[in-house]
Amino acid sequence: MAKLPILIAPDPRLKTRASPVAKVDDRIRRLLDDMLETMYDAPGIGLAAPQIGVLERLIVIDVAEKGEPPAPMRIVNPEITWRSEELSTYNEGCLSLPEHYADVTRPARVKVRYQDETGETREVEAGSLLATCLQHEIDHLDGVLFVDHLSMLKRNMIMRKLQKAKRGQASA
Ligand code: GNR
Ligand code: NI
């Protein structure tokens, strides 16, 4: 396993739609394991492949609480097949937008069809934090960040701060 660097916004790769995975093979399984190691190390509860610069439709998630056994999910080619009308609001963060948080309103429950690490098709119905995290990660596969759900004012405020932080880093 290997821990990989996480891209920080603004970065054109975070705005790009990722391609479907044609075949779940050893390369994909290795990527999923590397993504889990990177996510646990960060630490985060989810990670999408574009965040490590890989423009393929892969995500990993673990929403187990502290003290519970780990519950890693390896998800390939996810598709939302149902969204509840009921909405819920979470204070979201993102490893690619470090130190920025904002309330995002999304469907409270979703059904997601995906392939697991063996290539088998599965469907999960999720609520609460898992539903939010699945939608946040699937957004990444479509080049969408949580700030894209905010008002232009709030989005610009966060993006300008990130841009400025990057410029400071480049000249340091
Ligand atoms: O670690 C993460 N926490 C989080 C909290 C609320 C809503 C979504 C998330 S996902 C985030 C990790 C991340 O950036 N995944 O893409
Ligand atoms: Ni994110």
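The values are calculated or read from the model by the stated rules, or taken from the named source; none is laboratory data. This structure is a prediction, so every number in the text was calculated from the model and none was measured. Glycine gets a Cβ as well: all are built from the backbone with ideal geometry, and neighbour counts include every protein chain shown. For accessibility, only protein heavy atoms count, side chains too; no ligands or nucleic acids. Shrake-Rupley method; radii C 1.70, N 1.55, O 1.52, S 1.80 Å.
As a fraction of the 1.4 Å probe accessible area of the chain, surface on carbon and sulfur atoms comes out at 50 percent.
Of the trypsin sites (Lys or Arg not before Pro) in segment 36-90, the ones in a loop by DSSP (not H, G, I, E or B) with at most 10 other beta carbons within 10 Å are Lys66.
Comparing Glu117, Glu65, Glu37 in a Gaussian network model of the chain where C-alpha atoms under 10 Å apart are linked, the largest mean-square fluctuation is found at Glu65. With protein chains left intact and a 1.4 Å probe, residues in the chain average 56 Å² of accessible area per residue.
Binning all Cα-Cα separations of segment 64-113 at 10 Å, short to long from zero, yields these whole-percent fractions: 20, 30, 48, 2.
Exceeding 28 Å between C-alpha atoms, which entries from my cross-link table qualify? They are Lys23/Lys161; Lys3/Lys66; Lys66/Lys164.
Pairs exceeding 28 Å: Lys23/Lys161; Lys66/Lys164.
Dividing the summed helix terms, -39500 (n - 2.57) for each DSSP H run of n ≥ 4, by the number of residues in the chain produces a 222 nm estimate of -9500 deg cm²/dmol to the nearest 500. When the inverse distances between all different Cα atoms of the chain are averaged and flipped, the Kirkwood radius reads 16.5 angstrom.
With Cα atoms as the point set, segment 74-172 shows a radius of gyration and Dmax of 15.8, 48 Å.
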